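A.B. asks: Can you keep this structure in mind? I'll have questions shortly.
The values are calculated or read from the model by the stated rules, or taken from the named source; none is laboratory data. All of these numbers come straight from a predicted model, not from anything done at the bench. As a convention, Cβ positions derive from the backbone with ideal geometry for all residues, glycine included, and neighbour counts pool all protein chains shown.
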Amino acid sequence: MASIPQASPETPITFDRPTQIRAVIVGLAFIAVFYNSLLDLSYTWYRSADWSHGWLIPFFSIYLVYLHWERVRRAPPKHAWIGLCMILISLAGYQYYLWVRPMGYPREALMLTCLLGVVVFLCGAPIFKYIWVPWLYLFFAVPLPKGIYFQLTDPLRQIAALGATQALGLFPSLDIEQLGSTIEYMYKGRAGALGVADACSGMRSTMTLCALGVAVTFISERPWWQRVILVASCIPIAIFSNFIRVVTTCLLHIYVDPKYAGGTYHTLLGLVTILIAFGIFMGLGWLLHNLVVEDTGSERA
């Protein structure tokens, strides 16, 4: 039997027909192994509004890889054994959380770790420095465990209620008081209470803005410090935008008509909130790009 010629460790990756066929076979095997987890993810993306952005995450991730495609192709396919170790460890952990201690999030995280191992096994370890951002980006599509999600949501509700109470206290003829995540008011002898529900906590807009913000930050060419600032600004911007949403909802409920604070109007206001947050984020990106001049150090006396 004739031996198959081995590629030199320094030979760039080639995507010829045999490589494409091998990639298809490996991809189908990956889908078969993780079919249940992929199905659970798809169901969550379809049923839960908090994670409906999950459908877009893989496409953004693929586009991030495409932006560095030439560098990916030139990466030498060496140290593939690291990928094999990652695959074996991920599969072992996946089986543990599937049969011994059933937990959804660890299984989905290990599925992504196995995916990284497959890529490293097929293309070599040096490719990691070009795909680590697209790989981490995929975690935006993995729903957090309910316990952790609640621990993050509840403080956001408290912050939204506190901020709205302080802002509404500035309006005349309006007595306002905060009780936990509930805002009680008295206006012209009419009393009422508005609760900051989970949907109004800002968690949804925070996750959406973080996903969009990271994509925009790494799609465009920027210095590393600008990327750090933009990524770090996602959560404060989302909280501020949600504060505007909660205050607006309360004002519509109290001063106009309660119908404008619920139903379709409330949903549209949520979409406007995300647009406001994204607009502020893009404005910050513009400021960093145009008002801060990088010193190239090319000129010397």
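A.B. asks: Do any residues in segment 54-74 that are under 15 Å from G124 (Cα atoms) have Cβ atoms under 6 Å from those of residues that are surrounded by fewer than 19 Cβ atoms within 10 Å (Cβ to Cβ) and hydrophobic (A, V, I, L, M, F, W, C), where the two are at least six apart or on different chains, and which pairs are they?
C.D. replies: Once the first residue is under 15 Å from G124 (Cα atoms) and sits in segment 54-74, its partners that are surrounded by fewer than 19 Cβ atoms within 10 Å (Cβ to Cβ) and hydrophobic (A, V, I, L, M, F, W, C) give R73/I13.
A.B. asks: Counting just the residues of segment 142-199 that are within 25 Å of the chain's Cα centre (by Cα) and not in a helix (DSSP H, G or I), which one comes out surrounded by the most Cβ atoms within 10 Å (Cβ to Cβ)?
C.D. replies: The extreme case among them is V196.
A.B. asks: I would also like to ask the following. Can you spot a residue in segment 111-129 that is exposed (fewer than 15 other Cβ atoms within 10 Å of the Cβ) and either out of contact with any His (no Cβ under 7 Å at 6 or more places or on another chain) or not aromatic (F, W, Y) (or both)?
C.D. replies: yes
A.B. asks: Under the condition of being part of a loop (DSSP other than H, G, I, E, B) and hydroxyl-bearing (S, T, Y), which residue from segment 200-223 is modelled with the highest pLDDT? Please lay out each step first, then the result.
C.D. replies: So the first thing to find is which residues in segment 200-223 are part of a loop (DSSP other than H, G, I, E, B), and the list is 201-202, 220-223.
Okay, now just the ones that are also hydroxyl-bearing (S, T, Y), so 201, 220.
Numbers: S201: 74, S220: 84.
Going through the qualifying residues, I end up with S220.
A.B. asks: Which one of the conditions (1) among the hydrophobic types (A, V, I, L, M, F, W, C); (2) without any contact (Cβ under 8 Å) to a residue 40 or more places away in the chain; (3) assigned by TED's automatic domain parsing to the domain that holds T44 does L170 fail to meet, given that it meets all the rest?
C.D. replies: (3)
A.B. asks: Moving on. If S241 passes every condition in (1) part of a helix (DSSP H, G or I); (2) at pLDDT below 90; (3) under 29 Å from P172 (Cβ atoms) but one, which one does it miss?
C.D. replies: Result: S241 fails condition (2) only.
A.B. asks: List the helices (runs of 4 or more DSSP H) inside segment 63-138, counting only whole elements, that have at least 3 residues being over 25 Å from T19 (Cβ atoms).
C.D. replies: Of the helices (runs of 4 or more DSSP H) lying wholly inside segment 63-138, those with at least 3 residues that are over 25 Å from T19 (Cβ atoms) span 81-95, 104-123.
So that you can scan it fast, the table gives a plain yes or no per residue for (1) touching a Cys at 6+ places or on another chain (Cβ under 7 Å); (2) surrounded by 14 or more Cβ atoms within 10 Å (Cβ to Cβ):
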{"site": "I21", "(1), (2)": "no, no"}
{"site": "F30", "(1), (2)": "no, yes"}
{"site": "A49", "(1), (2)": "no, no"}
{"site": "F60", "(1), (2)": "no, yes"}
{"site": "I87", "(1), (2)": "yes, yes"}
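A.B. asks: Given A193, A232, A215, A211, which one is closer than 23 Å to G270 by Cβ and without any contact (Cβ under 8 Å) to a residue 24 or more places away in the chain? Spell out the reasoning first.
C.D. replies: On the way: A232 fails: closer than 23 Å to G270 by Cβ; A215 fails: without any contact (Cβ under 8 Å) to a residue 24 or more places away in the chain; A211 fails: without any contact (Cβ under 8 Å) to a residue 24 or more places away in the chain.
Going through A193, A232, A215, A211 in turn, just one is closer than 23 Å to G270 by Cβ and without any contact (Cβ under 8 Å) to a residue 24 or more places away in the chain: A193.
A.B. asks: Now for a different question. Looking at T206, T249, which one is closer than 27 Å to G192 by Cα, surrounded by 20 or more Cβ atoms within 10 Å (Cβ to Cβ) and assigned by TED's automatic domain parsing to the domain that holds K188?
C.D. replies: Unique residue meeting the criteria: T249.
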